Amino acid sequence: MPEEDPATASPEMTLRDYVSVLRRRKWLVILPMVIAPLVSLGMSLSQESRYRSSAEVLVREPPSATAVGAPERPMQQRVLQNELQRARGSALQDQVRDVVGPEPTLTVRLVADEDTDVFTFTAESVDPAFAARAANVYAETYISERRRSLVEELVARMAVVDERLENLEDDLEAASDEELELLIAQRDQYEFELESLQVSVDLAQTSGASIIDAAPVQTTPFSPRPRRSAFLSLIAGGLIGVAAAFIVEHFDTTIRDEDELAKATGVPVLAVIPKFDRETDEAAIVTRDDPQSQPAEAYRALRTSIQFISVDREMSIVQFTSAKPGDGKTTSSVNLAVAAARAGQNVVVVDCDLRRPRVHEFFDLDNRQGFTTAMVGASLEEVARPIEGESNLWAVTSGVVPPDPSELLSTVTAKSFLRSLVPRFDLVIVDTPPVLVVADPLVVSASVDAVVLVASANATDRRQVRQAAAQLEQIKAPFIGTVLNGFDLSSSSTYEYRYAYGQYSPDVE
C-alpha cells in the first residue's frame with residue numbers, strides 16, 4: 001500500500017535532503033545572488049562619493065582659583081550629558097552653518113571611559129577638504145561656546161558679589177564700633193571671593209575643552225563602498241534565495257525524485273528516465289535515434305528491471321499507464337519496446353489508448369487498421385506491422401477510435417486478443433490511457449501480467465500518483481512498479497554519475 005502522503009507528513013530532513021533542495025532550486029538561489037550585487041553595485045556607482053572627517057575634543061571641568069596649577073577634573077556623568085546635548089543642539093549647529101554653509105551633515109557622539117570624556121565631532125561632505133574644515137569648525141565652535149558660557153556664569157556671580165560688596169560699604173559708614181569689626185571681616189571675604197572669581201574667569205577662557213585630534217582630510221570616501229555593498233548584497237541575496245528555495249519546496253506537491261515516487265505509491269521505482277529534448281519531435285524514440293545517450297541507458301535499465309521481476313513471475317504482457325496526460329507513458333512504452341527488441345526479444349507494442357492514440361505517430365504508421373479492426377475480425381498478420389529498421393519489433397496501432405472504448409476493452413474478444421499475442425512474442429507492451437481520466441486502464445489491467453505507472457518529475461502531483469496507485473491496488477491489478485520520467489540529472493549527483501558512467505559502456509544493445 002502507498003505510504004503516508006509526504007505532502008502532509010513532516011519527516012525530519014537530513015543534510016542530504018537540504019542539499020537536494022538547493023540543487024533542485026538552484027536558480028532560485030543563484031538569481032538573487034546575481035541580481036542583488038548587480039543592483040547594489042549599480043546604485044553605488046551612480047551615487048556621488050561622500051567623505052567623513054572627525055575631530056576629537058576632551059571635555060573637562062575647568063580649574064578654580066583655589067586649584068591653580070591642578071589638572072582639570074573629569075566631569076560628572078549628568079553634566080557630561082548636558083554638554084553633549086548642547087553640542088548636538090540646533091543653536092550650536094546654526095552657528096557652524098553660518099561659517100561653513102548648509103551642505104555638510106553634522107553629528108557628534110560621546111566616547112567615554114573611566115579616564116576620558118571625549119566628544120567626536122563629525123562632518124560629511126562630497127568634498128574631503130570641506131568635510132575636514134567643517135568638523136574642525138564644529139569642534140572649535142563648541143569649545144568657544146563652552147568657554148563663553150563658563151565665563152558668563154562666572155561674571156554673573158561676580159556681579160552678585162560686587163553688588164553685595166557695595167551694599168556692605170554703605171553699612172560700614174553707619175555701623176557702630178561693635179558691628180564694625182564684623183562687617184570689615186565680611187568685606188574682606190567678599191573681596192577675596194571676587195578676586196577668586198576673576199581668576200576663575202581668566203582660567204575659563206583657556207580651559208574646559210580642547211581639541212586633542214583635529215579632523216584630517218580623508219582620501220577614501222566612506223560612501224558609497226561598491227565592494228562592501230556588493231558583498232553584503234551577495235550575502236543577503238543568498239539568504240533570500242535559500243529562503244525562497246525552501247518556501248517553494250514546501251508548497252510544491254509534485255513528485256521530485258525517486259524516493260518521493262516510491263513513498264507515494266508503495267511500489268519500487270523501476271527506472272528514472274533523464275530529461276531529454278523533444279522540442280523538434282514530440283514522438284522521439286531516443287533508444288533508436290541516440291542509443292548512447294543517458295535516457296537510452298535509462299530505458300535499458302527499465303528493461304533489465306522488468307526482466308529481473310519476470311524471473312519469479314510470468315511477465316509476458318506489461319501495461320503502461322499514468323495518473324494524468326502528459327506524463328510520458330507512450331514515450332516510455334515505445335522506448336522500452338525498442339530497447340527490448342535490440343536486446344534480442346520479439347516485442348510487440350499494442351496501442352490500447354483508444355482516446356488519444358499516439359503509437360502510430362512514433363513509428364510513422366497508418367492508423368486505419370489496428371486494435372479496433374482486430375476486434376471485428378482482422379487477423380494478427382493484418383494489424384501487427386513490423387517496424388522498419390527494427391528486426392524484432394512490431395506494432396499494433398489503435399485503429400479507428402470507437403464510440404465507447406471502455407466497453408470494447410472489457411469484451412472477451414479484447415482479452416483474448418491480448419493473450420493470443422503471448423505465444424508469438426516474448427514481450428507484449430500495452431499503452432493505455434491515464435488512470436485518473438478514464439476507466440480504460442483499470443479494465444485492461446485484468447488482462448495483463450504487470451502494470452507500470454509512469455510519473456513526470458516536477459509535473460505530476462503526489463496526490464494524483466497516490467490516487468492512481470490506490471485505484472490499481474483496489475482492483476488488485478498486478479502493479480509492479482513505476483517509472484519517473486523527465487528527471488533533471490543536475491538535481492542529483494547520484495544519477496548524474498550513474499548515467500554518465502553508463503555512456504562509457506561499449507555494449508550498446
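Is it fair to say Glu140 is of a type in the set (D, E, K, R) and touching a Lys or Arg at 6+ places or on another chain (Cβ under 8 Å)? Here the answer is no, as Glu140 does not meet what is asked. Within the range 255-267, being in contact with a helix residue (DSSP H, G or I) (Cβ under 7 Å, 6 or more places away or on another chain) and surrounded by fewer than 17 Cβ atoms within 10 Å (Cβ to Cβ) holds for one residue alone: Gly266.
Go through the range 386-411 and give me each residue that's open to solvent by less than 60 Å² (accessible area, probe 1.4 Å) and more than 18 Å from Ser333 (Cα to Cα). Pro402, Pro405, Ser406, Leu408, Leu409, Ser410, Thr411, listed by residue number. The single condition from (1) within 51 Å of the chain's Cα centre (by Cα); (2) open to solvent by less than 70 Å² (accessible area, probe 1.4 Å); (3) among the small types (Gly, Ala, Ser) that Ala446 fails is (2). Of the residues examined, Ser125 is not one that is under 30 Å from Tyr51 (Cβ atoms), open to solvent by 60 Å² or more (accessible area, probe 1.4 Å) and at pLDDT 80 or above.
With respect to the conditions (1) free of Cβ contacts under 8 Å to residues at least 24 places away in the same chain; (2) surrounded by fewer than 19 Cβ atoms within 10 Å (Cβ to Cβ), Val383 lacks only one, and its number is (2). The helices (runs of 4 or more DSSP H) found entirely in the range 306-381 that carry 2 or more residues being within 11 Å of Asp431 (Cβ to Cβ) are 329-342, 359-363.
Could we say that Leu427 is within 16 Å of Ser332 (Cβ to Cβ) and within 43 Å of the chain's Cα centre (by Cα) here? For Leu427, the condition - within 16 Å of Ser332 (Cβ to Cβ) and within 43 Å of the chain's Cα centre (by Cα) - is not met. Screening the range 143-172 for residues that are of a type in the set (Lys, Arg) and closer than 23 Å to Leu58 by Cα and picking the one that is least open to solvent (accessible area, probe 1.4 Å) gives Arg146. Note on the range 128-142: residues that are over 17 Å from Arg97 (Cβ atoms) and crowded, with 19+ Cβ neighbours inside 10 Å amount to 1. Filtering Phe231, Phe222 for residues that are at pLDDT below 90 and either touching an Asp or Glu at 6+ places or on another chain (Cβ under 6 Å) or surrounded by fewer than 16 Cβ atoms within 10 Å (Cβ to Cβ) (or both) leaves a single hit, Phe222.
The values are calculated or read from the model by the stated rules, or taken from the named source; none is laboratory data. Small disclaimer: the values here were computed from a predicted structure and weren't measured. Please note: Cβ atoms are built from the backbone with ideal geometry, for glycine as well, and neighbour counts cover all protein chains shown. Ligands, DNA and RNA are stripped out before the accessible areas are found, and what is left, the full protein with its side chains, is counted by its heavy atoms. Shrake-Rupley method; radii C 1.70, N 1.55, O 1.52, S 1.80 Å.
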